[in-house]
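Single-structure report; data block below.
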Amino acid sequence: MPVEVLRCRVCESEYPAVANGICVRCFGPLEPVYDWEALAVTVTRARIEAGPYSMWRYADLLPAAPPEGATSAPGWTPLVAAPRLASLVGVGEVLLKLDTANPTHSFKDRVVAVAAAKAREFGLETLSCTSTGNLANAVAARAAAEGIPAVIFCPAGLEPEKMLATTVYGARVYGVRGSYDDCSRLVSELAGELEWGFVNVNLRSYYAEGSKTLAFELVEQLGWEVPDAVICPIASGALFSKLWQGFEQFGRLGLIGEARPRLYGGQAEGCAPVADAFAEERRVSPVRPNSIARSLAIGNPADGDLAIATARASGGSIHAVPEDEVGQNMALLAESAGVFGETAAGVTVGALRAAAARGEIGPTDRVVVLVTGTGLKTPQAVEGEATGTLLEIEADLDALLEELGVTA
């Protein structure tokens with residue numbers, strides 16, 4: 001369905017549905033306004049289940065039409081049990097939502113798919129963004145698939161794996177000397193000068209909607225039920241708040257009952273403006289990032305206050321994870337569940353452990369942990385944490401048997 005109006009999530013001012021991401025009155029984030037009466041008639045479980053096995057099965061609840069003949073469509077990623085991790089943490093059941101299965105191995109493919117579809121509608125022929133790595137990969141890949149240019153801005157010095165996984169698609173990448181927030185300010189200024197599709201600036205109102213599809217998929221994959229809790233990393237706060245919105249929208253349409261999951265967020269201590277504000281019961285104030293979890297290192301999160309409101313509304317909480325535990329948690333996830341998540345996953349597992357240690361989740365809870373990116377992009381974080389060994393041997397059976405302690 002066409003979206004004609006954007007509304008500020010803070011002051012509720014309304015604007016035409018053009019390429020605009022921020023309210024000029026209070027600088028709050030804008031979001032699309034849907035016709036819920038019409039959607040209640042047309043959106044059913046059967047209609048959704050008949051859709052494609054991608055995020056576009058929820059096209060009725062997204063602000064852009066699905067592309068014809070879409071290639072590399074993200075979404076409908078695996079939800080797998082992690083019983084050993086659940087036992088180690090002391091939680092009844094842990095399920096891992098593996099968005100590492102998306103085309104560029106992170107959840108960012110979801111939001112970029114919506115932003116790119118909207119860019120086509122607006123006639124914007126260059127895709128751009130500011131990124132800490134995963135978004136850069138997703139924008140570059142989507143632009144390559146559609147045959148349009150991609151120009152990307154990242155803080156200089158990001159993990160080389162993420163940079164290679166961006167330039168391989170043919171994108172032009174600028175390394176900005178400074179933090180993500182410095183980079184973001186530069187790109188926000190540039191967006192006022194160029195007719196480009198800046199996915200997390202002038203297209204942000206639409207881009208953020210892609211995150212809701214994680215909630216939609218979880219409900220379907222659990223047999224149209226909700227989990228007791230969901231653990232999610234927090235950077236800008238948009239994913240966290242949109243996740244809650246997804247559950248609320250399914251409830252509004254009568255697709256699920258009244259129950260909602262508790263949402264728990266995690267940030268690394270070196271950049272924890274949202275976690276600190278939650279703990280101190282105040283508004284978010286900017287910080288200067290100094291964290292190993294670079295994909296979450298946003299010192300001035302646009303949706304930070306909304307993330308706090310979401311945690312409180314859901315009955316959950318937000319935790320700051322010590323920097324020296326991020327790599328340890330990545331290794332724990334790998335060793336106990338066979339999943340290698342990036343530093344954001346190390347933070348998310350840290351939030352799971354913190355919530356369990358405080359008794360916020362326990363042995364009767366079914367918990368979903370979002371694994372939003374692959375550890376293959378941030379392998380440096382687990383150097384010194386891996387418990388496996390690498391041995392070089394001769395191609396000699398007797399010598400190998402002796403090494404293994406096997407007697408003939």
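The values are calculated or read from the model by the stated rules, or taken from the named source; none is laboratory data. All figures in this text were calculated on a predicted structure; none of them were measured in a lab. Reconstructed Cβ throughout: ideal geometry from the backbone, glycine too, with neighbour counts over all protein chains shown.
Restricting attention to the range 119-141 and to residues that are of a type in the set (Val, Ile, Thr) and not in a helix (DSSP H, G or I), the residue that is surrounded by the most Cβ atoms within 10 Å (Cβ to Cβ) turns out to be Thr130.
The rows are residues; the columns are (1) in a helix (DSSP H, G or I); (2) without any contact (Cβ under 8 Å) to a residue 40 or more places away in the chain; (3) surrounded by 23 or more Cβ atoms within 10 Å (Cβ to Cβ).
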{"residue": "Thr104", "(1), (2), (3)": "no, no, yes"}
{"residue": "Ala117", "(1), (2), (3)": "yes, no, yes"}
{"residue": "Ala143", "(1), (2), (3)": "yes, yes, yes"}
{"residue": "Cys154", "(1), (2), (3)": "no, yes, yes"}
{"residue": "Gly157", "(1), (2), (3)": "no, yes, no"}
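Take Ala293 and decide whether it is buried (at least 22 other Cβ atoms within 10 Å of the Cβ), among the small types (Gly, Ala, Ser) and either closer than 29 Å to Pro379 by Cβ or over 13 Å from the mean Cα position of the chain (by Cα) (or both). Here the answer is yes, as Ala293 does meet what is asked. Selection of the range 274-290 for residues being surrounded by 22 or more Cβ atoms within 10 Å (Cβ to Cβ) and outside any loop (DSSP other than H, G, I, E, B) yields Val274, Ala275, Phe278. The residue that is surrounded by the most Cβ atoms within 10 Å (Cβ to Cβ), counting only those in the range 1-40 that are of a type in the set (D, E, K, R) and in a loop (DSSP other than H, G, I, E, B), is Arg9. Scanning the range 87-102 for residues that are over 20 Å from Ala136 (Cα atoms) and either touching a Leu at 6+ places or on another chain (Cβ under 9 Å) or assigned to a strand (DSSP E or B) (or both) yields Leu88, Val89, Val91, Glu93, Val94, Leu95, Leu96, Lys97.
Check whether at least one residue in the range 60-78 is over 30 Å from Ile361 (Cα atoms), part of a helix (DSSP H, G or I) and either in contact (Cβ under 8 Å) with a residue 24 or more places away in the chain or polar (S, T, N, Q) (or both), and report yes or no.
Residues of the range 60-78 that are over 30 Å from Ile361 (Cα atoms), as a first pass: 60-74.
This time we only want the ones that are part of a helix (DSSP H, G or I), so: 60-61.
Narrowing further to those that are either in contact (Cβ under 8 Å) with a residue 24 or more places away in the chain or polar (S, T, N, Q) (or both): 60-61.
Yes: one or more hits.
A count restricted to the range 80-94 and to residues that are buried (at least 16 other Cβ atoms within 10 Å of the Cβ) and closer than 18 Å to Gly346 by Cα stands at 7. What pairs come up if the first residue lies in the range 193-216 and is farther than 13 Å from Ser241 by Cβ and modelled with pLDDT under 95, the second is part of a helix (DSSP H, G or I) and among the hydroxyl-bearing types (Ser, Thr, Tyr), and their beta carbons are under 7 Å apart, counting only those six or more places apart or on different chains? Final answer for the pair search is Asn200/Tyr207; Val201/Ser188.
Residues that are touching a Gly at 6+ places or on another chain (Cβ under 7 Å) and either of a type in the set (A, V, I, L, M, F, W, C) or over 16 Å from Gln249 (Cβ atoms) (or both) within the range 215-227 comprise Ala215, Phe216, listed in sequence order.
Does the range 19-39 contain any residue that is modelled with pLDDT under 95, out of contact with any Gly (no Cβ under 7 Å at 6 or more places or on another chain) and of a type in the set (Lys, Arg)? Yes, some residue in the range 19-39 is modelled with pLDDT under 95, out of contact with any Gly (no Cβ under 7 Å at 6 or more places or on another chain) and of a type in the set (Lys, Arg).
Residue by residue, here is whether (1) surrounded by 14 or more Cβ atoms within 10 Å (Cβ to Cβ); (2) over 27 Å from Thr378 (Cα atoms); (3) touching a Pro at 6+ places or on another chain (Cβ under 7 Å) holds:
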{"position": "Ser54", "(1), (2), (3)": "yes, no, yes"}
{"position": "Arg57", "(1), (2), (3)": "yes, yes, no"}
{"position": "Asp60", "(1), (2), (3)": "yes, yes, no"}
{"position": "Pro67", "(1), (2), (3)": "yes, yes, no"}
{"position": "Leu96", "(1), (2), (3)": "yes, no, no"}
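Tell me which of these Ala235 doesn't satisfy, since it passes every other one: (1) part of a loop (DSSP other than H, G, I, E, B); (2) surrounded by fewer than 19 Cβ atoms within 10 Å (Cβ to Cβ). Ala235 satisfies all of (1) part of a loop (DSSP other than H, G, I, E, B); (2) surrounded by fewer than 19 Cβ atoms within 10 Å (Cβ to Cβ) except (2). If you go through the range 171-222 and keep only what is in a loop (DSSP other than H, G, I, E, B) and touching a Phe, Trp or Tyr at 6+ places or on another chain (Cβ under 7 Å), you end up with Val199, Asn200. Checked against (1) hydroxyl-bearing (Ser, Thr, Tyr); (2) in a loop (DSSP other than H, G, I, E, B); (3) in contact (Cβ under 8 Å) with a residue 24 or more places away in the chain, Tyr53 passes all but condition (3).
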